[in-house]
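Worksheet for the structure shown next.
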Amino acid sequence: MERNMLAGILSFFIPGLGQIAVKKQLGKGLFFAFGQLGIVILIAVVAMFGPPVFIMYLMPFVILCFWLYNVYDAYKKWIN
């Protein structure tokens, strides 16, 4: 249980770190780290070109869902 808690806390602050450092799931950790970075870059690019308003309201929701799933995935019980 403590390992799951530590993984969740690490992933709370840095996406993917709990998967990489605690659970030794390199592929999954890199997916979350670069996925979050990709979403942020996408938002920056979309914002530069004047998007429709609904996209700008949708993007923070997408980031929040991706980030919360990252923390949940790190915290959930690790089953081999």
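The values are calculated or read from the model by the stated rules, or taken from the named source; none is laboratory data. Computed from a predicted model, the values in this text were never measured in an experiment. When we count neighbours, we look across all protein chains shown, and the Cβ atoms used for this are built from the backbone with ideal geometry, even at glycine. To get the accessible areas, we keep the full protein, side chains included, count just its heavy atoms, and leave off ligands, DNA and RNA. Shrake-Rupley method; radii C 1.70, N 1.55, O 1.52, S 1.80 Å.
Tabulated values for the structure
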| quantity | calculated |
| --- | --- |
| The lone exception for V46 - which of (1) touching a residue at least 12 places away in the same chain (Cβ under 8 Å); (2) within 13 Å of the chain's Cα centre (by Cα) it fails | (2) |
| Hey, G35 over 19 Å from L6 (Cα atoms), at pLDDT 85 or above and either surrounded by 13 or more Cβ atoms within 10 Å (Cβ to Cβ) or out of contact with any helix residue (DSSP H, G or I) (no Cβ under 9 Å at 6 or more places or on another chain) (or both) or not | yes |
| One residue from N4, N70 being more than 9 Å from the chain's Cα centre (by Cα) and polar (S, T, N, Q) | N4 |
| Top-ranked residue of the stretch 1-26 - restricted to ones that are free of Cβ contacts under 8 Å to residues at least 60 places away in the same chain and open to solvent by less than 20 Å² (accessible area, probe 1.4 Å), ranked as nearest to Y69 (Cα to Cα) | G16 |
| The stretch 38-80, subset small (G, A, S) and at pLDDT 85 or above, residue farthest from L6 (Cα to Cα) | G38 |
